[in-house]
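Report on one structure; see the data block that follows.
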Amino acid sequence: DQQVKQNSPSLSVQEGRISILNCDYTNSMFDYFLWYKKYPAEGPTFLISISSIKDKNEDGRFTVFLNKSAKHLSLHIVPSQPGDSAVYFCAATVLASNTGKLIFGQGTTLQVKP
Amino acid sequence: GAVVSQHPSWVICKSGTSVKIECRSLDFQATTMFWYRQFPKQSLMLMATSNEGSKATYEQGVEKDKFLINHASLTLSTLTVTSAHPEDSSFYICSARGLPTLTHNEQFFGPGTRLTVL
């Protein structure tokens with residue numbers, strides 16, 4: 001049962017343009033969402049997060065949007081840079097459970113072309 | 001962000017031997033550490049959760065006697081793969097978090113350990 005889904009395994013974008021990575025979830029109990037960036041043979045790096053009490057969180061070039069009614073979140077990267085090329089994972093958790101367990105999507109490989 | 005280290009970064013061992021992987025939080029106290037496994041081109045799968053000073057909680061399907069977890073201090077957790085077999089070959093990643101708040105629950109990940117069992 002895949003509770004967090006990233007339906008696009010890959011995305012290719014031109015440098016300077018916007019990258020939009022999507023993530024859907026099924027568990028309505030999730031109340032905190034995170035995006036991680038990962039290079040091969042390295043651990044994920046935290047990028048940005050959003051609580052379910054918000055619908056948008058922005059940090060520099062990265063903005064995460066949350067649509068609770070649609071159980072959908074997206075990560076926008078503007079402008080995209082070649083160094084952004086990596087695998088992006090969205091993750092979700094239930095803060096109230098206090099277990100800290102993160103459920104990860106399958107990942108989307110972003111390629112930013114110069 | 002917070003720094004989490006793992007050691008070793010790469011280990012090759014013979015089938016039947018045991019391998020210990022260390023996970024350290026370098027600049028914060030980690031009340032909880034998590035161990036994940038990632039197979040090629042797949043997502044990170046949570047194996048177990050360890051809280052300092054208590055027994056680890058294992059996810060369904062993960063053998064607790066095979067994957068021994070010790071969280072002896074607020075900065076160190078170890079994963080020991082006992083009697084390793086080739087199917088245990090994988091990329092093992094730990095993460096750590098401090099005390100969560102109502103609005104923040106970031107986990108910080110180590111660089112991972114590539115285990116190859118021959």
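Just so you know, all these numbers are worked out from the coordinates, no wet-lab data involved. Here the structure is a predicted model, which means the values were calculated and not measured. Cβ: placed from backbone, ideal geometry, glycine included. Neighbour counts: every protein chain shown.
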query = If you go through region B:52-90 one residue at a time, how many are in contact with a strand residue (DSSP E or B) (Cβ under 8 Å, 6 or more places away or on another chain) and touching a residue at least 60 places away in the same chain (Cβ under 8 Å)?
reply = 6
remark   = In region B:22-47, anything aromatic (Phe, Trp, Tyr) and in a strand (DSSP E or B) is listed as B:Phe34, B:Trp35, B:Tyr36
message = I'd like to check something: does region A:35-45 contain any residue that is touching a Phe, Trp or Tyr at 6+ places or on another chain (Cβ under 9 Å), of a type in the set (Asp, Glu), surrounded by fewer than 20 Cβ atoms within 10 Å (Cβ to Cβ) and part of a loop (DSSP other than H, G, I, E, B)?
response = yes
note = Restricting attention to region A:23-76, the residues that are touching a residue at least 60 places away in the same chain (Cβ under 8 Å) and more than 27 Å from B:Ser90 (Cα to Cα) number exactly 5
query = When you look at B:Leu115, is it more than 10 Å from the chain's Cα centre (by Cα), more than 14 Å from B:Ile21 (Cβ to Cβ) and crowded, with 16+ Cβ neighbours inside 10 Å, yes or no?
reply = no
request  = Restrict the check to region B:90-113 and report whether at least one residue is away from every other protein chain (no Cβ under 13 Å) and not polar (S, T, N, Q).
outcome  = no
query = Given the structure, is A:Ser12 farther than 24 Å from B:Pro111 by Cα and in a loop (DSSP other than H, G, I, E, B)?
reply = no
ask   = Yes or no: B:Ile21 over 29 Å from A:Ser51 (Cα atoms) and within 13 Å of chain A (Cβ to nearest Cβ)?
value = yes
task = Could you grab the pairs with beta carbons closer than 8 Å, sequence gap of 6+ or different chains, first residue in region B:1-13 and away from chain A (no Cβ under 13 Å) and acidic (Asp, Glu), second one surrounded by 14 or more Cβ atoms within 10 Å (Cβ to Cβ) and not in a loop (DSSP other than H, G, I, E, B)?
result = none
message = Is it the case, given these coordinates, that B:Thr75 is under 14 Å from the mean Cα position of the chain (by Cα), farther than 20 Å from B:Phe91 by Cα, more than 11 Å from every other protein chain (Cβ to nearest Cβ) and polar (S, T, N, Q)?
response = yes
